[in-house]
Amino acid sequence: MDKRLLDILCCPVTKSPVRLLAENELLALNRAIAADQVLNGAGARVTGAFSGGLITRDARTIYRVEDDIPVMLADEAVATSQLTDFPRS
């Protein structure tokens, strides 16, 4: 992802800056999705694995990245609080 774009993106709800999701974070998220344990901001079950993502700097919210396009919609966001084995900094 273009660094200039990453520098200006922020969470649409909290305005917190975002960073790219690390590989171990992506693996933990996709394990939880595969186990049918993840809901999005709208309360719908997340069924498809993420190929990439952005996470807020406070590590509370993940946004999907599809074809290098960030999906910065609150209803599509995933709260990390529901991910039991998510790496914590």
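Per-structure values
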| item | result |
| --- | --- |
| Residues being touching a helix residue (DSSP H, G or I) at 6+ places or on another chain (Cβ under 6 Å) and without any contact (Cβ under 8 Å) to a residue 60 or more places away in the chain - total across the stretch 65-86 | 2 |
| Selection from the stretch 33-59 of residues that are free of Cβ contacts under 8 Å to residues at least 24 places away in the same chain and not small (Gly, Ala, Ser) | ILE33, ASP36, ARG45, THR47 |
| Those residues of the stretch 41-61 which are within 10 Å of the chain's Cα centre (by Cα) and closer than 16 Å to GLU76 by Cβ, in sequence order | PHE50, GLY52, GLY53, LEU54, ILE55, THR56, ARG60, THR61 |
| Hits in the stretch 1-22 - residues which are surrounded by fewer than 16 Cβ atoms within 10 Å (Cβ to Cβ), within 12 Å of the chain's Cα centre (by Cα) and not in a strand (DSSP E or B) | ALA22 |
| Residues (touching an Asp or Glu at 6+ places or on another chain (Cβ under 9 Å), within 15 Å of VAL18 (Cβ to Cβ), surrounded by 13 or more Cβ atoms within 10 Å (Cβ to Cβ) and not polar (S, T, N, Q)) located in the stretch 61-86 | ILE62, TYR63, ARG64 |
| Test: LEU27 is in a strand (DSSP E or B), of a type outside the set (Ser, Thr, Tyr) and either at negative phi or out of contact with any Phe, Trp or Tyr (no Cβ under 9 Å at 6 or more places or on another chain) (or both) | no |
| Residue check, GLY43 modelled with pLDDT of 95 or more and loosely packed, with under 13 Cβ neighbours inside 10 Å | yes |
| Residues satisfying the stated conditions in the stretch 43-63, i.e. over 20 Å from CYS10 (Cβ atoms) and assigned to a loop (DSSP other than H, G, I, E, B) | GLY43, ALA44, VAL46, THR47, GLY48, ALA49, SER51 |
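The values are calculated or read from the model by the stated rules, or taken from the named source; none is laboratory data. Note that the structure is a prediction, hence the values are computed from the model and not measured. FYI the Cβ positions are ideal-geometry reconstructions off the backbone, even for glycines, and counts take in every protein chain you see.
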